[in-house]
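Step one of this worksheet: look at the structure below.
The values are calculated or read from the model by the stated rules, or taken from the named source; none is laboratory data. Everything numeric in this text was worked out from a predicted model, so none of it was measured. Cβ coordinates were reconstructed from backbone atoms using ideal geometry, including for glycine residues, and neighbour counts include every protein chain displayed. These accessible areas exclude ligands, DNA and RNA; they are computed on the full protein's heavy atoms, side chains included. Shrake-Rupley method; radii C 1.70, N 1.55, O 1.52, S 1.80 Å.
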Amino acid sequence: MSEPGRGPVPRPSGDIPHQTKNSDHAPLQAGEEIRVWDPAVRIFHWALVVAFAAAWGLGKFGPDEMTLHFYAGYTVAALVVIRIVWGFVGSANARFVNFVKGPRKILHYARHFASREPSNCPGHNPVGALFIVGVLIVLAMQIGTGLLADPEDYINAGPLAKYVSIETARQALSWHEPLSTLLLIMVGVHIASIAFYKLYKHEDLITPMFTGRKKGL
């Protein structure tokens, strides 16, 4: 609060308490800087970039024997499991309960999406959060179909294929490649969105994923 006749008391410089801003997702003020992504989230993000690129590339262009593709897929699976667990026990901005919003907030944000003003969200914006959840779901489906798939070539069956019927294994195989294509499209949308925010809204979403810090514009 401010005293009569005086302006607001300026916020002290430096870090603000981790929970005060991150917990309520109040927009950042111009010049305000906070810690936004913890090391676990940043490591997950860039490790997933590498692991998914390796899995996709090896699946499309790798040797006929898919051993390396499987190892890359196992890495993706481990990362997804870790991220889901971290979404319940991690830092404030990493928790699903703090960034997954209901339809009203998603639609409200979407209506103002074309505004040139930066969002200044201290974490995922409501639309971006929905996209992140979608990516995790599709990744889980991709992993599941890969574990169950059996092309009946005697060398590339998923490790869980022997526990299901051949019809189920074949169905999993028929879904595995389309899901890979869908994920590639989602990657393209993600990159396009980052470029849109940078060029149109002048909001940098890449640097915080390296430094963990974000500054209000």
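The table for this structure:
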| item | result |
| --- | --- |
| In Å, descending, principal axis extents of the Cα set of segment 24-67 | 54, 17, 17 |
| Between segment 43-67 and segment 118-194, the Cα center-to-center distance that results, in Å | 13 Å |
| Listed residues Arg95, Arg83, Arg116, Arg111 arranged by accessible area, highest first, probe 1.4 Å | Arg111, Arg116, Arg95, Arg83 |
| Förster radius 35 Å - calculated FRET efficiency between Val189 and Glu65 (Cβ-Cβ, nearest 0.05) | 0.60 |
| Taking the chain and dividing mean pair separation by its residue count, relative contact order in percent (alpha carbons under 8 Å, at least six apart) | 28 percent |
| Value of [θ]222 nm, deg cm²/dmol, for the chain, DSSP H segments ≥ 4, -39500 (n - 2.57) each, nearest 500 | -19500 deg cm²/dmol |
| His112-Val49 pseudo-label distance in nm [points 7 Å out on the Cα-to-Cβ vector] | 2.9 nm |
| In nm, spacing of pseudo-spin labels at Arg42 and Phe196 (7 Å Cα→C-beta vector) | 2.7 nm |
| Range of Cα positions in segment 133-177 per principal axis (Å), largest first | 34, 17, 16 |
| Relative contact order (percent, whole number), segment 39-158, Cα cutoff 8 Å, 6+ residue spacing | 22 percent |
| Förster-model FRET efficiency, 35 Å R0, Lys105 and Ala78, C-beta, rounded to 0.05 | 0.65 |
| Accessible surface of the chain, 1.4 Å probe, proportion on carbon and sulfur as whole % | 68 percent |
| Share of Cα-Cα pairs in the chain lying beyond 26 Å, as whole percent | 46 percent |
| Close Lys-Lys pairs in the chain, where close means Cα under 25 Å and separation is 8 or more or interchain | 19 |
| Coordinate range along principal axes, alpha carbons of segment 97-192, Å, largest first | 56, 26, 19 |
| Segment 177-217 - convex hull of the alpha-carbon atoms, volume per residue in Å³ | 65 Å³ |
| Degrees between helix 39-61 axis and first principal axis of the chain (Cα, 0 to 90, nearest 10) | 30 degrees |
